Amino acid sequence: MLLYGSLIERCAEHLSEYIGQRVDVRREAVVGGGGINDGHVLETTAGRFFVKTNAADRYPSMFEAEADGLKRLATTGAVRVPEVIAFGEEQDVSYLLLEHIDLGVMSERFWEASGQRLAALHRHTASTFGLDRDNYIGSLKQPNSPAADWPSFFMHQRLEPQLRMARDANRLDAGAAFRFERLFAKLEHLIPKDTPALLHGDLWSGNLLCDRAEQPVLIDPAVHYGHREMDIAMTRLFGGFDARFYSSYHSAYPLMSGWEERIGLCNLYPLLVHVNLFGGRYAAQVDAVLRRYV
């Protein structure tokens, strides 16, 4: 759906303030917005820019949370993200105005840089797991109340809320719930201790872009401080990452022994998210993973 006049005017005002001179929007094109939002490319007198929109009352504060996550990633200097220009509401529409990323080719250089950049991001740490605010993963709210240890955070802030949602919607049966209880009892013995790492939080291939300089760009984050194997595991959930990505990451910041055996455990969280969003075969995948660990 095309943007209406007052929102285009509002974007032009934001861009004029951002650039420091008058900016006019010449034309607009509707593009993909990631399946949740609507996406728009604005052709302006100052170049291209990207706008995401949604109904203002559909996902409260989602774009505010996304802008916050992008700014946190940008502050590290570890990896490029689209620059946040503005976010807000215009009538009944919420919007997020971003730098437009011109895409390049995913070469060997790109994959090596992606591994190195993610490793650099993961070296940014905090005193606790979690974040000082909640945000979203996809269209689902993501609680981030801090915890001193990862097993506790993973159980109470990641698995339990998604499990409760799935059970309430009858998307997981009592047998799966029982197996989760058994998993929770042994969770602290399954995951090695590591310092909290700043995570992208939703690192599938669609959220990793390649710019014209063949450098990685991260989009659509669900940031928090967590166990860094979570980001790595999610790259394996749907595939699409070159082997050079993993070798480059491991050279820069070696993963702990047995990390590949914990991929399924880490991916219980995104799989539960997909159960709650899409149901179907993801419930069977969750149960298959549970049976491997309990």
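The values are calculated or read from the model by the stated rules, or taken from the named source; none is laboratory data. All values reported here derive from a predicted model rather than from experimental measurement. Reconstructed Cβ throughout: ideal geometry from the backbone, glycine too, with neighbour counts over all protein chains shown.
Assorted remarks:
- Single residue of the stretch 209-265 satisfying the filter (among the charged types (D, E, K, R) and free of Cβ contacts under 8 Å to residues at least 12 places away in the same chain) that is farthest from E108 (Cα to Cα): E261
- Residues in the stretch 95-112 that are within 15 Å of V31 (Cβ to Cβ) and in contact with a Phe, Trp or Tyr (Cβ under 9 Å, 6 or more places away or on another chain): Y95, L96, L97, L98, E99, H100, I101.
- F110 surrounded by 19 or more Cβ atoms within 10 Å (Cβ to Cβ), within 24 Å of L268 (Cβ to Cβ) and in contact with a strand residue (DSSP E or B) (Cβ under 7 Å, 6 or more places away or on another chain): no
- Inclusion of L272 among residues that are among the aliphatic types (A, V, I, L, M) and not in a helix (DSSP H, G or I) is not warranted.
- In the stretch 169-224, residue surrounded by the fewest Cβ atoms within 10 Å (Cβ to Cβ) [restricted to those that are in contact with a strand residue (DSSP E or B) (Cβ under 7 Å, 6 or more places away or on another chain), not hydrophobic (A, V, I, L, M, F, W, C) and not in a loop (DSSP other than H, G, I, E, B)]: D211
Residues are listed down the side, and each one gets a yes or a no for (1) surrounded by 14 or more Cβ atoms within 10 Å (Cβ to Cβ); (2) of a type in the set (D, E, K, R); (3) over 25 Å from R133 (Cβ atoms); (4) in the same structural domain as L199 (by TED's automatic domain parsing):
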| site | (1), (2), (3), (4) |
| --- | --- |
| S16 | yes, no, yes, no |
| L42 | yes, no, yes, no |
| G47 | no, no, yes, no |
| F50 | yes, no, no, no |
| T53 | yes, no, no, no |
| D57 | no, yes, no, no |
| L70 | yes, no, no, no |
| E83 | yes, yes, no, no |
| G88 | yes, no, no, no |
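- Search result, residues across the stretch 140-168 that are over 19 Å from the mean Cα position of the chain (by Cα) and either charged (D, E, K, R) or outside any helix (DSSP H, G or I) (or both): A147, A148, D149, E160, R164, R167, D168
- Residue within the stretch 225-236 that is surrounded by fewer than 16 Cβ atoms within 10 Å (Cβ to Cβ) and among the polar types (S, T, N, Q) present: no
- Residue list for the stretch 16-62, restricted to those being assigned to a helix (DSSP H, G or I) and either free of Cβ contacts under 8 Å to residues at least 24 places away in the same chain or farther than 21 Å from A222 by Cβ (or both): S16, E17, Y18, I19
- Close pairs (8 angstrom Cβ cut-off, 6 or more residues apart or separate chains): farther than 22 Å from V286 by Cα in the stretch 180-196, among the β-branched types (V, I, T) and surrounded by 12 or more Cβ atoms within 10 Å (Cβ to Cβ) anywhere: T195/T125; P196/T125; P196/T128
- Those residues of the stretch 243-286 which are crowded, with 16+ Cβ neighbours inside 10 Å and either of a type in the set (D, E, K, R) or not assigned by TED's automatic domain parsing to the domain that holds D202 (or both), in sequence order: R244, R262
- Residue in the stretch 83-103 that is closer than 27 Å to E229 by Cα, touching a residue at least 24 places away in the same chain (Cβ under 8 Å) and either outside any strand (DSSP E or B) or not aliphatic (A, V, I, L, M) (or both) present: no
- Residues that are in a loop (DSSP other than H, G, I, E, B) and of a type in the set (A, V, I, L, M) within the stretch 228-264 comprise L255, M256, listed in sequence order.
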